[in-house]
Amino acid sequence: MKISMATTALLLIDVQMAFVHRDKAGVARSTPCAENNIARLLTKFREEQGSVIHVHHHSQDEESAFRADKPGSRVQDFAAPIGDEPVYIKHVNSAFIGTTLEADLRHRALTQLVLCGGTANHCVETTCRMAGNLGFEVYYVSDAVWACGGAGPDGQIHTPEEVLSMSLFNLDGEFASIRTTDQLMTDLRKMIRGEEDGMAGQRPDVLDDYL
């Protein structure tokens, strides 16, 4: 896949305070660099005037930290929307269920999606699978997501790193193209440089308008 800023949207999924509270409580997770990498992606898309889309989870479970009336539902400060960046509120794992996300993406001719956020094997993976099945080209940023560990139904314990690795294994080549943040940044730089080179042959007045 060849990425194009004109047709690509960055989706920040569930970057909310409930995860910060889990970290402070000592819950083990993978990818301690995830938030920094999400911030890098967000900064790049904003610098290039790309499309940034925020997805927030508001659980309908009375006990969930993600209920709209609980502090865990608040977005983390570094990932807060600015300007007219759209925000979609979901109540299940997928960002496409119960929202107008798909229709809005198609209306804006956004055919490529860069996914990051939490958690890797839940809301990000579910959104990724649906996006792939709906025909979008998906980039899943492996070090801009995180996972927690736990016991499976067979009693086997899985570490956070194992959970993340399996999520990547499930998605790679079937639903998405797996990228690290550095790899995606390189893709974007090549695309931007190519577009700038393409403008070099235009009339000066057109180039002036572009710059």
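The values are calculated or read from the model by the stated rules, or taken from the named source; none is laboratory data. Note that the coordinates shown come from a computational prediction; the quantities given were computed from them, not determined experimentally. Keep in mind that these areas ignore ligands, DNA and RNA; they rest on the heavy atoms of the full protein, side chains included. Shrake-Rupley method; radii C 1.70, N 1.55, O 1.52, S 1.80 Å.
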In whole angstrom, how far apart do the alpha carbon centroids of the stretch 70-131 and the stretch 1-44 sit?
-> 11 Å
Shape parameters for the stretch 141-188, alpha-carbon atoms, Rg then Dmax in Å | 12.9, 43
For the chain, modelled as a Gaussian network with Cα springs under 10 Å, which listed residue fluctuates most, Ile157, Ile38, Ile13?
-> Ile157
With each run of n ≥ 4 DSSP H residues scored as -39500 (n - 2.57), what mean residue ellipticity at 222 nm is computed for the chain after dividing by its residue count and rounding to the nearest 500 deg cm²/dmol?
-> -11000 deg cm²/dmol
DSSP beta bridge pairing in the chain, given as percent antiparallel to the nearest 5 = 15 percent
Dividing the convex hull volume of the Cα atoms of the chain by its residue count, what figure in Å³ per residue is obtained?
-> 132 Å³
What shape does the stretch 1-94 take by its C-alpha gyration tensor, where a ≥ b ≥ c are the square roots of the eigenvalues and a/c under 1.5 counts as rounded, a/b above b/c as prolate, and the rest as oblate?
-> prolate
Heavy-atom accessible area per residue of the chain, all protein chains kept, 1.4 Å probe, expressed in Å², is 51 Å²
Please find, in a Gaussian network model of the chain (springs between Cα atoms separated by less than 10 Å), the residue of Asp104, Asp14, Asp187 whose mean-square fluctuation is greatest.
-> Asp104
Contact order normalised by residue count of the chain, Cα under 8 Å, 6+ apart, percent | 25 percent
Total lysine pairs under 26 Å (Cα atoms) in the chain, excluding pairs fewer than 8 apart on one chain = 7
Of every hundred units of 1.4 Å-probe accessible area on the stretch 1-151, the number belonging to carbon and sulfur atoms, as a percent, is 51 percent
Hey, in the GNM for the chain with a 10 angstrom Cα cutoff, which one of Cys148, Cys128, Cys33 fluctuates hardest?
-> Cys33
